[in-house]
């Protein structure tokens, strides 16, 4: 039996219902914990599940790489690499929905997910990754620690899950 501290990261080539349920739980937990990740609190399980189900065609078709981290209890984190669709941006991808369940934070999950995302983007021939995150968030500190370059802040870019405007910081990473 795996040790509870053992964390594995893998790419999901498609979404199964068991994945959807666990990913919905992660998303709900992050929103409840104050993460500004496109959803407002409280986030219903059906709404969170529908979000993940809606990604299935893009994940299965290869336009979006979906990574998950798990421990002995199940899924604990996720990140996506979304390939740019514009013909003048074949070199670029977005990193999206980097989420780690609060029960698993401080164990290196986010770092492992980000490294997997970067490696996969590099292997796919991408030379530039971009992302945005709530200014002042734990995620912002993670990206800076991992060597991402700060590009700037857009004020009032989104809302916090409980309401009120949230500034967003934009980062990029050149892949070599």
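Before moving on, here are some points about what is shown:
- Annotation: residue 94 fulfils all but one of (1) assigned to a strand (DSSP E or B); (2) without any contact (Cβ under 8 Å) to a residue 40 or more places away in the chain; (3) within 20 Å of residue 145 (Cα to Cα); (4) in contact with a helix residue (DSSP H, G or I) (Cβ under 9 Å, 6 or more places away or on another chain); the unmet one is (4).
- Residue check: residue 164 meets all listed conditions (1) in contact with a strand residue (DSSP E or B) (Cβ under 8 Å, 6 or more places away or on another chain); (2) without any contact (Cβ under 8 Å) to a residue 12 or more places away in the chain; (3) closer than 18 Å to residue 30 by Cβ but one, namely (1).
- Among the residues listed as 142, 128, 175, the single one being farther than 21 Å from residue 27 by Cβ and in contact with a helix residue (DSSP H, G or I) (Cβ under 6 Å, 6 or more places away or on another chain): 175
- Output for the range 51-78, where each listed residue is under 17 Å from residue 17 (Cα atoms) and in a strand (DSSP E or B): 66, 67, 68, 69, 70, 74, 75, 76, 77, 78
- From the list 85, 107, 92, the one residue that fits, being at pLDDT below 95 and more than 18 Å from residue 37 (Cβ to Cβ), is 85.
- Annotation: of all residues in the range 11-43 being without any contact (Cβ under 8 Å) to a residue 60 or more places away in the chain and not in a helix (DSSP H, G or I), the one that is surrounded by the most Cβ atoms within 10 Å (Cβ to Cβ) is 15.
- Some residue of the range 114-129 being under 22 Å from residue 34 (Cα atoms), part of a strand (DSSP E or B) and in contact with a strand residue (DSSP E or B) (Cβ under 9 Å, 6 or more places away or on another chain): no
- Only one of the numbered conditions (1) over 23 Å from residue 170 (Cβ atoms); (2) surrounded by fewer than 22 Cβ atoms within 10 Å (Cβ to Cβ); (3) touching a helix residue (DSSP H, G or I) at 6+ places or on another chain (Cβ under 7 Å) is violated by residue 123, and that is (3).
To keep it simple, each residue is scored yes or no on (1) in contact with a strand residue (DSSP E or B) (Cβ under 7 Å, 6 or more places away or on another chain); (2) modelled with pLDDT of 95 or more; (3) over 26 Å from residue 172 (Cα atoms).
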| site | (1), (2), (3) |
| --- | --- |
| 19 | yes, yes, yes |
| 30 | yes, yes, no |
| 38 | no, yes, no |
| 51 | no, yes, no |
| 61 | no, yes, no |
| 75 | yes, yes, yes |
| 97 | yes, yes, no |
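The values are calculated or read from the model by the stated rules, or taken from the named source; none is laboratory data. As the structure is a computational prediction, the values presented were derived from the model and not from experiment. For neighbour counting, all protein chains shown are included, and Cβ atoms are generated from backbone atoms with ideal geometry for every residue, glycine included.
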